[in-house]
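The values are calculated or read from the model by the stated rules, or taken from the named source; none is laboratory data. A quick note: this is a predicted structure, and the numbers were derived from the prediction, not measured. Heads up, the Cβs are rebuilt from the backbone with ideal geometry, glycines too, and the neighbour counts pull from every protein chain shown. These area figures cover heavy atoms from the full protein model, side chains too; ligands, DNA and RNA do not enter into them. Shrake-Rupley method; radii C 1.70, N 1.55, O 1.52, S 1.80 Å.
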Amino acid sequence: MKKILITGALGQIGTALTARLRETYGTDNVIASDIQKPEHSSVVTDGIFENLDVTNQSLIEELVQKYEVDTIIHLAALLSAVAEAKPQLAWELNMGGLNNALEVARTYGLKFFTPSSIGAFGPETPKDKTPQVTLQRPTTMYGVTKVSGELLCDYYYQKFGVDTRGVRFPGLISYEALPGGGTTDYAVDIYYEALKSGAYTSFIDKGTYMDMMYMPDAVEAIVQLMEAPAEQLVHRNAFNVSAMSVCPEDFEKAIQAHLPEFNLSFEVDSVRQTIAESWPNAIDTTAAQTEWGFSPNYTLEKMTADMLEKLNVKITE
Ligand code: SER
């Protein structure tokens, strides 16, 4: 990766990834882009930023030409809960945007990364130690776009030789930017509310396990996979990655170790609960470990200590 175009750079992953890539690859070698342009985000103020609507292929192409891009990291997409509320828009953006970005990658011979998700699995998928290759029949529009995206990226590699790579991200926890309407968002909200009000009402029910990971590990995974020698990769486009399998009460306990008065209650949102129950409890990450050395650093306890420290500074700023 030498000149990297990031789409959806103002999202939860994009905000953290843009900062990291600017640091590692040089500010002038990272082109952050998004359909929005808020004035105060560091993504906009601290380096190159361009407005980009990924449903317009020629706009992606213009940026690739203008900056002589060699890698696209395509993050622009709707998350699971929003996609369930707007399924047609989700198809149009998640699939249309991906197809456009892949076409540009094919035309200009670019390296390509896009994330899939635990949402690409469905209720018939084995719930525990979910294998790398297994039954995928998602029941959400988000999942339908993610599993289709995995297949489309495989196709672009097999048919056209595009160097496509990707992971299935679990719920991602971060302090830089909020997630935009996913099922695992409770795991971010809980930290904000723990500090702000000392209490949180979870929209995901007790005992509901999902995979999660701290953002520094997610960003590291993207860099590691993109830098891995191609001949090492067998499963190119949808490596299972995760650092922990957790339920709301696990967060409660971890937070109470720092804030003993913290109180967790439940008011379940049936839409997001149904989505959560259709996803695995704990996926198997062996392929990512053996093919490109995936090795997350953060346990729930270590992540909680860091999240509370960083958020505390952010909230009181
Ligand atoms: N965090 C995402 C969501 O909940 C899962 O990929 O939609």
Got at least one residue in region 28-36 being surrounded by fewer than 23 Cβ atoms within 10 Å (Cβ to Cβ), within 16 Å of the ligand (Cβ to nearest atom) and under 19 Å from the mean Cα position of the chain (by Cα)?
no
Please count how many residues of region 251-275 are assigned to a helix (DSSP H, G or I), within 16 Å of the ligand (Cβ to nearest atom) and out of contact with any Asp or Glu (no Cβ under 8 Å at 6 or more places or on another chain).
4
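Matching residues to (1) more than 16 Å from the ligand (Cβ to nearest atom); (2) under 16 Å from Leu21 (Cα atoms); (3) surrounded by fewer than 14 Cβ atoms within 10 Å (Cβ to Cβ):
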site	(1), (2), (3)
Pro38	yes, no, yes
Thr45	yes, yes, yes
Asn51	yes, no, yes
Val54	yes, no, no
Ile60	yes, no, no
Lys66	yes, no, yes
Thr71	yes, yes, no
Ala81	no, no, no
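For region 175-185, which residues satisfy the criterion of being surrounded by fewer than 23 Cβ atoms within 10 Å (Cβ to Cβ) and within 12 Å of the ligand (Cβ to nearest atom)? Give the steps one after another, and end with the answer.
Restricting attention to region 175-185, the residues satisfying the condition of being surrounded by fewer than 23 Cβ atoms within 10 Å (Cβ to Cβ) are 175-181, 185.
Passing the criteria: Leu178, Pro179, Gly180, Gly181, Asp185.
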What pairs can you find where one residue is in region 271-296 and without any contact (Cβ under 8 Å) to a residue 40 or more places away in the chain, the other is in a helix (DSSP H, G or I) and surrounded by fewer than 18 Cβ atoms within 10 Å (Cβ to Cβ), and their Cβ atoms are less than 7 Å apart, with a gap of 6+ or different chains?
Ser295/Gln289
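Within region 120-148, can you find the residues that are closer than 20 Å to Ala230 by Cα and out of contact with any strand residue (DSSP E or B) (no Cβ under 6 Å at 6 or more places or on another chain)? Show your work before the answer.
Step one: list which residues in region 120-148 are closer than 20 Å to Ala230 by Cα, which gives 132-133.
Passing the criteria: only Val133.
Determine whether region 123-134 contains at least one residue that is within 13 Å of the ligand (Cβ to nearest atom) and surrounded by 16 or more Cβ atoms within 10 Å (Cβ to Cβ).
If we filter region 123-134 for residues that are within 13 Å of the ligand (Cβ to nearest atom), which is where we start, we get none.
No: region 123-134 contains no residue that is within 13 Å of the ligand (Cβ to nearest atom) and surrounded by 16 or more Cβ atoms within 10 Å (Cβ to Cβ).
Could you name every one of the helices (runs of 4 or more DSSP H) located completely within region 21-127 that has at least 3 residues being within 19 Å of Ile4 (Cα to Cα) and out of contact with any His (no Cβ under 9 Å at 6 or more places or on another chain)?
Numbers: elements: 42-45, 57-67, 80-85, 87-90, 97-108.
Because the criterion is at least 3 residues that are within 19 Å of Ile4 (Cα to Cα) and out of contact with any His (no Cβ under 9 Å at 6 or more places or on another chain), the helices (runs of 4 or more DSSP H) in region 21-127 that meet it are 42-45, 57-67, 97-108.
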Among what's in region 96-119 and is surrounded by 19 or more Cβ atoms within 10 Å (Cβ to Cβ) and out of contact with any strand residue (DSSP E or B) (no Cβ under 6 Å at 6 or more places or on another chain), pick the residue that is nearest to Asp34 (Cα to Cα).
Gly97
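Residues are listed down the side, and each one gets a yes or a no for (1) at pLDDT 95 or above; (2) within 21 Å of Leu17 (Cα to Cα); (3) surrounded by 15 or more Cβ atoms within 10 Å (Cβ to Cβ); (4) within 22 Å of the chain's Cα centre (by Cα):
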residue	(1), (2), (3), (4)
Tyr209	yes, no, yes, yes
Ile222	yes, yes, yes, yes
Phe251	yes, no, yes, yes
Ala254	yes, no, yes, no
Phe262	yes, no, yes, no
Ser278	yes, no, yes, yes
Asn281	yes, no, yes, yes
Is it the case that some residue within region 294-305 is more than 18 Å from Asp185 (Cα to Cα) and among the aliphatic types (A, V, I, L, M)?
yes
Inside region 135-168, can you point out the residues that are among the hydrophobic types (A, V, I, L, M, F, W, C), open to solvent by 10 Å² or more (accessible area, probe 1.4 Å) and within 14 Å of the ligand (Cβ to nearest atom)?
Met141, Val144, Val147
